[in-house]
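> Have a look at this one.
Just so you know, all these numbers are worked out from the coordinates, no wet-lab data involved. Quantities reported herein were computed from a predicted structural model and do not represent experimental measurements. In this analysis, Cβ positions are derived from the backbone assuming ideal geometry, glycine residues included, and neighbour counts consider all displayed protein chains.
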Amino acid sequence: MADHLIEAANILRQKGANPYRIRAYRSAARTIENLDRDLVEIIEQDDVDGLVKLPFVGKNIAYAVYEIVATGKWNFLESLRNSLKPPGVFKLIPGVGPKLANQIYSTLHVNTLEELELAANSGKLAEIPGIGERRQRMITETLASILHDTQRSYHIQRDGPKVDVLIKIDRMYRKKAKQGLLKTIAPKRFNPSGASWLPIMNYQDSNWQFRIMYSNTERAHRLHKLSDWVIVHAYDDAHHEFNRTIVTETRGSLKGKRVVRGYEEECMEYYKAKKLDK
């Protein structure tokens, strides 16, 4: 069920929908993912009203959940999926009209934006007649912007989880991933075989919920940092969200240490305090 809501949110984001609408689907998905009661039981007891009482589940989403439980499908999601069928999906890229969308489809034989991004980063856009280097670069950069959801911040705040918590979670994730103890997913990006290989971990600390995974981005692949760069997505009950990237520093006084990008000063203080405690 939660997967359906997340899929709808992802498609809406690709289509440039209202960010608040996208966030509503994601928040409802998290609520459902963490339920300790069965959805069928909730509906049998209180009908749609029981769903509306759940955190972050509004009336429209409640009816969507009811439809899925009752019929096994969701017509709205089906219509969203149909809107992303090739070659029409490529028209989501600014500057790509019907003619170029058809050329992309017939020349590169790709079906999704993720497949097109893989082809673009392999230099295959040059095979399409009339696409010069400048346009190739524009399409590649636009695809990265559309698809690169994991790097995007929402409510960036300094009063969120502290650096010591983030580094602790990072250490825990990488250890479990190395030991093969985590659930893996099949990412859509940079995964032509469709294999399930990306470790993912959910974790809770105080009021914060965390979702952690390696950074599956073009840059991480290109720089061979796939097993080093870690993305931490956090959210709380007040609907605050942010993403942080944790990496091994390659220069300066923090070289060799794990740091939270954008929080280098806090990391410096963290390691100083840790050294004094010894």
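> Report the extension gain between PHE190 and ARG219 in nm, rounded to one decimal, defined as 0.36 nm multiplied by the number of residues separating them, less their alpha carbon distance.
9.3 nm
> Per-residue HN-Hα couplings for region 167-182, Karplus 6.51 cos²θ - 1.76 cosθ + 1.60 at θ = phi - 60°, whole Hz, x for Gly and Pro?
Result, rounded to whole Hz: 5, 4, 5, 4, 5, 4, 4, 5, 5, 5, 5, 5, 7, x, 9, 9.
> Cα atoms only, the chain: Rg and Dmax in Å?
21.0, 66
> Return the distance in nm (one decimal) between the two label points of a simple spin-label model at LEU254 and LYS15, each offset 7 Å from Cα along Cα→Cβ.
4.0 nm
> Please report the relative contact order for the chain, taking Cα pairs under 8 Å with a sequence separation of at least 6, and give it as a percent rounded to a whole number.
Averaging sequence separation for qualifying contacts and normalising by length gives 11 percent for the chain.
> Can you give the calculated 222 nm mean residue ellipticity of the chain, where each DSSP H run of n ≥ 4 adds -39,500 (n - 2.57) and the sum is split over every residue, rounded to the nearest 500 deg cm²/dmol?
-15000 deg cm²/dmol
> Counting Lys and Arg as +1 and Asp and Glu as -1, each charge on the Cβ, what is the dipole of the chain about the Cα centre in debye, to the nearest 20?
Roughly 1360 debye, rounded to the nearest 20.
> Still on this structure, I have one more. Over region 2-82, what is the relative contact order in whole percent, taking alpha-carbon pairs under 8 Å and six or more residues apart?
Across region 2-82, relative contact order equals 30 percent.
> State which entries of LYS15/LYS183; LYS255/LYS275; LYS99/LYS124; LYS188/LYS257; LYS168/LYS188; LYS176/LYS272 exceed 20 angstrom in Cα-Cα distance in the structure shown. Can you show the working numbers first?
Details: LYS15/LYS183 29 Å; LYS255/LYS275 15 Å; LYS99/LYS124 18 Å; LYS188/LYS257 30 Å; LYS168/LYS188 28 Å; LYS176/LYS272 27 Å.
In this structure, LYS15/LYS183; LYS188/LYS257; LYS168/LYS188; LYS176/LYS272 lie more than 20 Å apart at Cα.
> Would you please give the FRET efficiency between GLU269 and ARG81, computed as 1/(1 + (r/R0)^6) with r the Cβ-Cβ distance and R0 = 45 Å, to the nearest 0.05? Can you show the working numbers first?
On the way: r = 48 Å, r/R0 = 1.06.
Result of the calculation: an efficiency of 0.40.
> Based solely on C-alpha atoms, express the radius of gyration and the Dmax of region 2-82 in angstrom.
That works out to 12.2, 37 Å for Rg and Dmax.
> Taking θ = phi - 60°, what integer Hz values does the Karplus form 6.51 cos²θ - 1.76 cosθ + 1.60 yield along region 211-226, in sequence order, with x for Gly and Pro?
Values per residue, Gly and Pro as x: 10, 10, 7, 5, 7, 8, 10, 4, 5, 5, 5, 5, 8, 6, 10, 4 Hz.
> Continuing with the same structure: Using θ = phi - 60° and the Karplus form 6.51 cos²θ - 1.76 cosθ + 1.60, what ³J(HN,Hα) does each residue of region 107-122 get, whole Hz, x for Gly and Pro?
Along region 107-122, the couplings run 8, 9, 6, 10, 10, 10, 5, 5, 5, 5, 4, 4, 5, 5, 6, 9 Hz.
> Further question: As an exercise, use a Förster radius of 45 Å and the Cβ-Cβ distance of GLU33 and SER106 to find the FRET efficiency, rounded to the nearest 0.05.
So, using R0 = 45 Å, E works out to roughly 0.70.
> Here is a further query. Apply 1/(1 + (r/R0)^6) to the Cβ-Cβ distance of MET172 and ASP3, taking R0 = 30 Å, and write down the FRET efficiency to the nearest 0.05.
0.75
> Which of the aspartates and glutamates could a cross-linker bridge to LYS162, judged by Cα under 20 Å and excluding same-chain residues fewer than eight apart?
Cross-link targets: ASP170, ASP205, ASP236, ASP237, GLU241, GLU249, GLU264, GLU265, GLU266, GLU269, ASP277.
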